[in-house]
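The values are calculated or read from the model by the stated rules, or taken from the named source; none is laboratory data. All figures in this text were calculated on a predicted structure; none of them were measured in a lab. We place every Cβ from the backbone using ideal geometry, glycine too, and count neighbours over all the protein chains shown.
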Amino acid sequence: MKRISKVAGSLMLALIMGFAFAQGNLSIATGGTGGTYFPTGGAYAEVINNYVDGYNAVAEVTGASVENVGLISRGDSDIALALANTVIQAYTGTGRFGPEGELPQLANLRALGSAYANTFHIVTLEDSGIDSIADLAGKSISVGAPGSGTEVSAKGILEANGITYDDIDEQFLNFNETADALRDGQIDAGIWSVGPPTSSILSLAETRDIKVIGFSESEMELSLAVNEAFKQTTLAGDTYKGQEEDVITIGTPNVILVSDEMSEELAYEIVKALYSNIEDVIAVHPSANSTTPEFSVSVTPIPLHPGAIKYYEEIGLEIPDSLR
């Protein structure tokens, strides 16, 4: 009798799992609501729901890049956005990942492509007296949410310029919390690695006079050496109210991640739907203007999923050996 019960239970579990698979439910890991990942992931979900037959996708709020690579590797999410510097560390088992870090190497990560480049923002209030990275020493600084690519980038860039967490009062706040803390005078500066313009800074600039700190030539040289994914970029003037001049800073691509266990057919259909309907994503956030097949093939830092390769080759792009 117990054996029959166990068999029946196993069959029921199999039926439930099979039903869930048949429904094609996909989880998209994003970030906090004050950044660009969440609206972008929501737009991806709509593209999948509208153009990939048999699948229903939902964007999930997460702690962003570091959490997201783990969610994909464990199979807890199906698609994710993550900063390239975090993705490189996770895939290669370096930095916080692998033998020398507190997290395991995640070699089963694959990319569908790259979405857009994040811009490294150091934001303070106009009257803070902070005019350079060096001025951050001794101040209260939000370095991003714990488990986020922003925090990984912030720690590396600050250390490259001679500032460790021992030299600042570091606060681990998400983007909305960082903007609120700056607005209320609870911190001196905040760091965002995000696709501009981002809602949390736009909102802050409506109520406070802000200043975005740029990199000097020497600061840029030291920062670029931290990670191969870092590139010099420019935050255009007037991106935010009161930020009239261009700001020289760091840019980092965002990778669209999946597991190597995703089927080739599904990966192909998602990539095809995304590029064929990218205007739907641009309508949600202008950063998607950068989401092109050419951008993906030129900046993605880890191997592409075979389904993505199939699409890129189908439209005539040459795939570097490093992405196979």
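Table for the structure above
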read-out: Among (1) in contact with a helix residue (DSSP H, G or I) (Cβ under 7 Å, 6 or more places away or on another chain); (2) buried (at least 20 other Cβ atoms within 10 Å of the Cβ); (3) farther than 18 Å from residue 153 by Cβ - the single one residue 256 does not satisfy; value: (1)
read-out: Complete set of residues in segment 204-238 that are among the polar types (S, T, N, Q) and surrounded by fewer than 20 Cβ atoms within 10 Å (Cβ to Cβ); value: 207, 216, 218, 232, 233, 234
read-out: Positions within segment 63-103 being part of a loop (DSSP other than H, G, I, E, B), of a type outside the set (A, V, I, L, M, F, W, C) and farther than 15 Å from residue 26 by Cα, in sequence order; value: 63, 93, 94, 95, 96, 98, 99, 100, 101, 102
read-out: Every residue from segment 280-305 that is surrounded by fewer than 16 Cβ atoms within 10 Å (Cβ to Cβ) and either over 27 Å from residue 230 (Cα atoms) or not charged (D, E, K, R) (or both); value: 282, 283, 286, 289, 292, 298
read-out: Condition met for residue 263 (surrounded by fewer than 23 Cβ atoms within 10 Å (Cβ to Cβ), of a type in the set (Gly, Ala, Ser), touching a residue at least 24 places away in the same chain (Cβ under 8 Å) and closer than 25 Å to residue 27 by Cα); value: yes
read-out: Every pair of residues 6+ apart whose Cβ atoms lie under 8 Å, when the first sits in segment 91-113 and is at pLDDT below 95 while the second is of a type in the set (Asp, Glu); value: 94/100; 96/102
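Residue-by-condition table, conditions (1) more than 21 Å from residue 42 (Cβ to Cβ); (2) assigned to a helix (DSSP H, G or I):
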| residue | (1), (2) |
| --- | --- |
| 272 | no, yes |
| 281 | no, yes |
| 284 | no, no |
| 287 | no, yes |
| 311 | yes, yes |
| 319 | yes, no |
